[in-house]
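Take a look at the structure below.
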Amino acid sequence: MSTPADPPRSRRIQAERAILDQYNGAATWQALAVAAVCVAADMCGMLLTWDHTAGLLWVVLPLVILADLLLAAPPRWSMEVAIAHAVMAAAVPLVVPTQASATDANNAGLIVAAFLAGAWLRTRSAFVALGFLMAGLAVHPWLGAGEDADWRLVAVVTVTSCLLPWLVGRFTMARRRYIDELEQHAERLRRDEQAAVQRAVLRERTALARDLHDVISHHVSTIGMHAGAARMSLADPAPAVHRSLSAVESSSRAAMVDLRRLLDVLHGGGPGAAHRQPGLDNIDDLLDGVRAAGLPVRLAAQGRRRELSGSVDMAVYRAVQEALTNAVRHGDGAGADVELRYRDDGVGVVVTNGMDAAPLRFGARGAGRGLAGLRQRVALFGGTVRYGPERGGRTWRFEADFTDRGGAAVTPRPRDEL
């Protein structure tokens, strides 16, 4: 079954395959370059030191070139390549014993073959390949025209041309494999640490969700239920009492909706859970709830409506929500006006409402905390918040500006006014 992680994982696999293909292509060209250099070195050595009148030169030369070209074969053929060069080193003196430099026919290719055998073959196969190479190089001085060979010189040549490159390849690749294992171990540790952190975060989020559900949501729903019961039990409630009880009901319902969204996010309710936070698409529901609480609300828009980024969209919704909540709690109940001002680089919100006879004192304990929180939220988007009385202290004005350059313009909706 597909999961939300499948597309990123598929893209990661494709990227890794692309890197592997690129590496394999580079390795192939490098192997061809090494083989070409060996062909050039051995061919030039033979042409410069051998007697060109010897007919067998033109028989041995193609064989040496072929053996050197085998060096470009994949690493799994390193054993066969080593055997080919060992046979070539031993056979050349038998074919052309009169040539003084017959022992150097495939010297460059033999050195590279020894390196490849030590680097790519497993331990047992690597030692077998080394044995073939050393045997082919060690015996061929005595396979010539009966010349006396100094065994000490033969030993030095065998060590420098076979054993030394074999050891370099062996130790180099062993160190490379060790480093790769360390890197893989570090990567596994990093992934384990990330998994442990994710499990800890999931446990904490589950605990928070449980507390929200068991404590806060229970109390909020109880508040709404009792407010509704109190409103219906009053035979002839005063308009202010009716408005206040309706506002409590409306606010409790809105709080329960927000709590459910938060619980979805905390429970990991899918990749779209974080995007189900309210935004301007939910502004009509917000206004309907405020109207149900007894406060008439009028909505207007200026400029071409833009599709805002998710975080700005939610912040604008919260700003309108906070301003209308204050209008319900502290306004005169005559109504409120909401205006959205769309710009190319953002959006502005203006909410005005009549003030109560006893205006809110923002220096009092607990007063103005919502507006202070909004000021911090708007500041995250490079915006500003202004609020206060106007028109001789009878009207309260709330204004917020948000900067958002990542949105796109959309077809404007008809103005919604009551």
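The values are calculated or read from the model by the stated rules, or taken from the named source; none is laboratory data. All of these numbers come straight from a predicted model, not from anything done at the bench. Methodologically, a virtual Cβ is constructed for each residue, glycine included, from the backbone with ideal geometry; neighbour enumeration extends over all protein chains shown. Keep in mind that these areas ignore ligands, DNA and RNA; they rest on the heavy atoms of the full protein, side chains included. Shrake-Rupley method; radii C 1.70, N 1.55, O 1.52, S 1.80 Å.
Things worth noting here:
- In a fully extended conformation the segment linking residue 44 and residue 174 would gain 43.4 nm over its present Cα-Cα distance, using 0.36 nm per residue.
- Projected label distance in nm at residue 380 and residue 186, using a 7 Å step from Cα toward the beta-carbon: 3.5
- Ordering 211, 345, 68 by accessible surface, largest first, gives 211, 345, 68; the 1.4 Å probe counts only protein heavy atoms, with every chain in place.
- Label point at residue 334 placed 7 Å out along Cα→Cβ; residues across segment 295-310 whose backbone nitrogen lies under 19 Å: 295-300
- A straight chain from residue 356 to residue 232 at 0.36 nm per residue would run longer than the Cα-Cα distance by 42.1 nm.
- Length gained on full extension, residue 159 to residue 205: 9.9 nm, using 0.36 nm per residue less the C-alpha separation.
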